[in-house]
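Worksheet: one structure, shown below.
Derivation of every value follows stated rules applied to the coordinates shown; laboratory data play no part. Keep in mind it's a predicted model, so treat the numbers as computed, not measured. For neighbour counting, all protein chains shown are included, and Cβ atoms are generated from backbone atoms with ideal geometry for every residue, glycine included.
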């Protein structure tokens, strides 16, 4: 099957140009001006006049079917990747979970079983390490060679995912040898638990106090600490879901002194705030960790994206229904399942708030939503690129089309939207995954099982001679 995408404006991280794109099978076969006049033939032509042709967006932080607090995130790999496709995302990297006392292999195999034959678009895995010991450290080497080269550890959630400094440092020492990457959820969980218990004892049980207990200073302190550990080990570190200027300032300082510190933020920290947690128990819809911050943090995060202090926007997509799941925390904010839906909305939100809002260029939009994730997580140039030989993961994007975000119309398997009623400018008209049209004009044309596992290599900054 040969598909010609004609008359569009190709937008990449490097620049923009008017050109046609020929797709042959699963790959991009040719790029050039007026390919038809050059004798190129195709089975189908898609007219992209007035629209952008961009590499499919890549979300490197999702949690499909994640167990949390006695329940599970609502999206499966089928529903979650379908929603991703509607939002112009053609690849995700989800987190496989090692349960306490189990092996990394057990966790990874469980996530392969969840995803295989169910995904609509391509997917990869990171590995959450709950136990750092001699056996799991040895397992890391094998996972790197299998294309799962990243390992997430936590300074938060004592008794569940928490690792102490010694465990974190040992894991970092291992990645110095095997070329893997440590990803860190950086909040001081031990201190947070003390403050949270104090708030509940004082009768402060509403979701708003989730945000109060997880003070930005706790994120800043933990971010500084894990970066220093990575410097001591001589390895890169990637801070996930950075939410606060306290943490951003630590990343900036580290990068200024030459440390290999990298970080992502998420749409919720750019568009939502602590105020959203304050509407009684309705605020449970907005409970995530790190929590939403005061509005005056948002401008600093946008500056961080513009200046490359922050390299990536991911979603931390982890949806729980308000009814029946978030409600587990009535009377005690500590029991509200942590997580928000967002995999379908990211590309449009960042286009509207960033490009239309004048905060970033359209090229930077493509970079932080597609190309940088591909580069940093071992998928480039196969993914995140409009280039000959790359996978034909492409989005024909209308920068002028407006639409309203709503739970009534989204495709995520969750009963509310964090952005209910928000009008955004920009939308995906046609989405191709490895050359197959999976979404066209608001209708699903893809199928579960089309998505394949992405065996990823180490990123350029991780490779060692």
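Checking each residue in segment 266-281 for being out of contact with any strand residue (DSSP E or B) (no Cβ under 7 Å at 6 or more places or on another chain) and either closer than 10 Å to residue 208 by Cα or part of a loop (DSSP other than H, G, I, E, B) (or both) picks out 272, 273, 274, 275, 276, 277, 278, 279, 280, 281.
Can we say residue 58 is in contact with a strand residue (DSSP E or B) (Cβ under 9 Å, 6 or more places away or on another chain), outside any loop (DSSP other than H, G, I, E, B) and buried (at least 23 other Cβ atoms within 10 Å of the Cβ)? Explain how you work it out, then say what you get.
On the way: in contact with a strand residue (DSSP E or B) (Cβ under 9 Å, 6 or more places away or on another chain): yes; outside any loop (DSSP other than H, G, I, E, B): yes; buried (at least 23 other Cβ atoms within 10 Å of the Cβ): yes.
Yes; evaluated as a whole, the condition is true for this residue.
Which condition from (1) more than 22 Å from residue 270 (Cα to Cα); (2) in contact with a strand residue (DSSP E or B) (Cβ under 9 Å, 6 or more places away or on another chain); (3) without any contact (Cβ under 8 Å) to a residue 60 or more places away in the chain is the one that residue 408 breaks? Result: residue 408 fails condition (2) only. Of all the criteria given as (1) assigned to a helix (DSSP H, G or I); (2) under 30 Å from residue 341 (Cβ atoms); (3) in contact with a strand residue (DSSP E or B) (Cβ under 8 Å, 6 or more places away or on another chain), the one not satisfied by residue 263 is (1). Provide a single number: the residues in segment 76-93 that are farther than 11 Å from residue 118 by Cβ and assigned to a loop (DSSP other than H, G, I, E, B). Result for segment 76-93: 2. If the condition is being surrounded by fewer than 24 Cβ atoms within 10 Å (Cβ to Cβ), under 20 Å from residue 350 (Cα atoms) and touching a residue at least 60 places away in the same chain (Cβ under 8 Å), then segment 235-261 contributes 240, 241.
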